[in-house]
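Chemist: This is the structure I want to talk about, given as structure tokens.
The values are calculated or read from the model by the stated rules, or taken from the named source; none is laboratory data. Predicted model, so just to flag it, every value in this text is computed and none were measured. Cβ: placed from backbone, ideal geometry, glycine included. Neighbour counts: every protein chain shown. Only protein heavy atoms, including side chains, enter the accessible area calculation; ligands, DNA and RNA are left aside. Shrake-Rupley method; radii C 1.70, N 1.55, O 1.52, S 1.80 Å.
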Amino acid sequence: MAMSLSDPARRRLRTLGFLSPWLVGFSVFFAYPLIATVYFSFMHYNQIKEPTFVGLRNWTYVFEQMPLFGPALRNTLWLVVIMVAVRVVFGLSLGLLITKIKTGAGFFRTAFYIPYLAPPVAATVAFVFLLNPGSGPVNEILGSIGISGPNWFNDPDTAKPSLVLLSLWGIGDLMVIFMAALLDVPKEQYEAAELDGAGPWAKFRYVTWPSITPIVMFAVVTGVVQTMQYYTQALVAGKVASGVNIGPGSVIQPGYPDHSTLTVPQLVYQMGFQNFNTGAACVLSLVLFAIAMAVTMLLMRKRSGLLAAED
């Protein structure tokens with residue numbers, strides 16, 4: 001006699017069936033890579049021979065013997081703090097400006113969004129040529145009005161600020177997100193604020209900001225995660241600015257000038273796929289993961305100031 005499943009068992013199976021696509025994706029694309037990364041961080045593995053257990057040797061090497069780890073980590077954290085903050089403020093400012101424009105809003109929205117669609121490598125190459133200290137049009141325009149332009153990507157002091165400018169060139173994604181949030185604020189609240197005598201700043205502080213706070217939170221968290229993985233633009237900008245020809249078989253040493261654009265993801269690639277030191281690359285990846293998780297958890301807390309506290 002066949003056994004029939006009880007109603008609770010059917011519900012559990014049905015629920016598991018609905019969850020199965022997420023469970024498969026989580027297991028294959030997150031849980032397994034994370035476990036494998038932790039495993040290989042304690043192994044000596046050159047991707048050819050079988051891995052051998054070495055204990056904390058990879059961790060000791062990264063934290064005590066890798067000379068570029070400190071500069072790369074400082075550069076990455078600098079970009080996380082400065083680039084994310086500047087992008088959020090600039091994207092929100094553009095969104096506010098365009099939503100207030102009566103004529104030509106569609107043109108400005110398109111003009112600011114188009115650079116975001118450019119491939120990262122092509123956009124970076126074009127931007128580096130624009131800021132070329134010797135022949136770039138930006139320095140030529142500055143020179144024509146009597147201003148001596150900086151060396152931009154060729155100077156360690158201005159290389160990271162130049163990367164921030166590059167990120168602002170492709171601000172279209174945040175602009176569109178903030179525009180959608182701003183247009184979703186009820187107009188009745190603005191009308192009520194005007195009746196109470198609120199000025200522009202008061203309306204932004206007490207009406208606009210509480211309504212768009214979840215979107216700002218989303219922009220900050222995703223910006224932190226993306227910037228922790230910052231790789232392509234920094235690598236391409238450094239190589240183009242250095243003038244080194246990149247051809248087939250050439251080995252790219254990142255960080256020009258003077259390791260000022262070197263980020264941890266670049267070190268991960270260099271250690272894992274150029275030096276074939278998989279263990280050290282896994283340690284660097286786990287450090288990035290831990291920092292990203294810590295910052296995200298900090299931002300998600302109510303006292304971070306980005307989420308309004310519940311009554």
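Chemist: How about region 113-170: which of its residues are open to solvent by 20 Å² or more (accessible area, probe 1.4 Å), part of a helix (DSSP H, G or I), of a type outside the set (D, E, K, R) and under 16 Å from residue 242 (Cβ atoms)?
Modeler: Matches in region 113-170: 121, 125, 127, 129, 152, 154, 156, 158.
Chemist: Cβ-Cβ below 6 Å, separation at least six or inter-chain, first residue in region 103-115 and on the phi < 0 side of the Ramachandran plot, second open to solvent by 80 Å² or more (accessible area, probe 1.4 Å): which pairs?
Modeler: Short answer, once both residue conditions are applied: 115/169.
Chemist: Select from region 17-55 the residues that are more than 30 Å from the chain's Cα centre (by Cα) and open to solvent by 90 Å² or more (accessible area, probe 1.4 Å) and write down the one among them that is nearest to residue 283 (Cα to Cα).
Modeler: 44
Chemist: Among the helices (runs of 4 or more DSSP H) contained in region 193-270, which hold 1 or more residues that are closer than 30 Å to residue 136 by Cβ, open to solvent by 40 Å² or more (accessible area, probe 1.4 Å) and at pLDDT 90 or above?
Modeler: Ranges flagged: 209-228, 232-242, 264-269.
Chemist: Here are 227, 222, 278, 232: which of them is of a type in the set (S, T, N, Q) and assigned by the TED database to the domain that holds residue 55?
Modeler: When all the criteria are applied, what remains is 278.
A quick yes/no check of all residues on (1) on the phi < 0 side of the Ramachandran plot; (2) modelled with pLDDT of 90 or more; (3) in contact with a helix residue (DSSP H, G or I) (Cβ under 7 Å, 6 or more places away or on another chain):
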position: 84; (1), (2), (3): yes, yes, yes
position: 96; (1), (2), (3): yes, yes, yes
position: 101; (1), (2), (3): yes, no, yes
position: 117; (1), (2), (3): yes, yes, no
position: 124; (1), (2), (3): yes, yes, yes
position: 128; (1), (2), (3): yes, yes, yes
position: 136; (1), (2), (3): yes, no, yes
position: 146; (1), (2), (3): no, no, no
